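The values are calculated or read from the model by the stated rules, or taken from the named source; none is laboratory data. Computed from a prediction, not measured in an experiment: that's the story for all the values here. Here the Cβ positions follow ideal geometry from the backbone for every residue, glycine too, while neighbour counts run over all protein chains shown. The protein model used for the area step is the full one, side chains on, heavy atoms only, and it has no ligands, DNA or RNA in it. Shrake-Rupley method; radii C 1.70, N 1.55, O 1.52, S 1.80 Å.
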Amino acid sequence: MAEIAQFYSGNLAQEVMKGLVRKAQEGGTPFRAPLDYLNRRETQGSVEFSWVQLDPERAEIIRWCLEEYSTGQWSAIDLTLAAQGKGLTSRPTPSRPAKAIPHHDVQDSG
């Protein structure tokens, strides 16, 4: 039984990976898009298409953050506060409103 379980687990991992790769090849993302992008989905007939596109509200602020951070003159906390001052917030969801980006999110993504 252990060998069957091990085979099943390995096969399942391969199938999941194939699905993730195929989705990426089709221009989609298997996860939630980064903060400066939006996940989009459209159905045409019985075929569903998904892709990511720049978020017009957040992309310029994120670009500014990356450029400023690359100068080495900003700490993550100071850069986060400046980005918040420029209006950077999280994306709202149906169950959660937009809120300020915590500094550890900026630190983790850099």
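Taking the criterion of being closer than 17 Å to R41 by Cβ, open to solvent by 100 Å² or more (accessible area, probe 1.4 Å) and not in a helix (DSSP H, G or I), the only residue of region 1-28 that qualifies is E26. Among the conditions (1) on the phi > 0 side of the Ramachandran plot; (2) modelled with pLDDT of 85 or more, G27 misses just one, which is (2). Pairing each residue of region 68-84 that is touching a residue at least 40 places away in the same chain (Cβ under 8 Å) with any residue that is of a type in the set (V, I, T), provided the two are 6+ apart or on different chains, yields C-beta distances under 9 Å for Y69/V106.
Can you pull out every residue in region 58-106 that is more than 15 Å from the chain's Cα centre (by Cα) and of a type in the set (D, E)? The answer is E60, E67, E68, D78.
Restricting to region 39-59, name every residue that is assigned to a strand (DSSP E or B) and among the charged types (D, E, K, R). If the condition is that a residue be assigned to a strand (DSSP E or B) and among the charged types (D, E, K, R), then R40, R41, E42, E48 are the ones that fit. Regarding A13, is this residue aliphatic (A, V, I, L, M) and in contact with a Phe, Trp or Tyr (Cβ under 8 Å, 6 or more places away or on another chain)? No; evaluated as a whole, the condition is false for this residue. Would you please name the residue that is least open to solvent (accessible area, probe 1.4 Å), looking only at residues in region 67-80 that are of a type in the set (V, I, T) and under 21 Å from A98 (Cα atoms)? That would be T80. Restricting the first member to region 42-56 and to residues that are among the polar types (S, T, N, Q), and the second to residues that are surrounded by 10 or more Cβ atoms within 10 Å (Cβ to Cβ), the beta-carbon pairs closer than 6 Å and six or more apart or on different chains are S50/G28; Q53/L38; Q53/R40.
The number of residues in region 29-66 being out of contact with any Lys or Arg (no Cβ under 8 Å at 6 or more places or on another chain) and either open to solvent by 100 Å² or more (accessible area, probe 1.4 Å) or farther than 23 Å from G85 by Cβ (or both) comes to 16.
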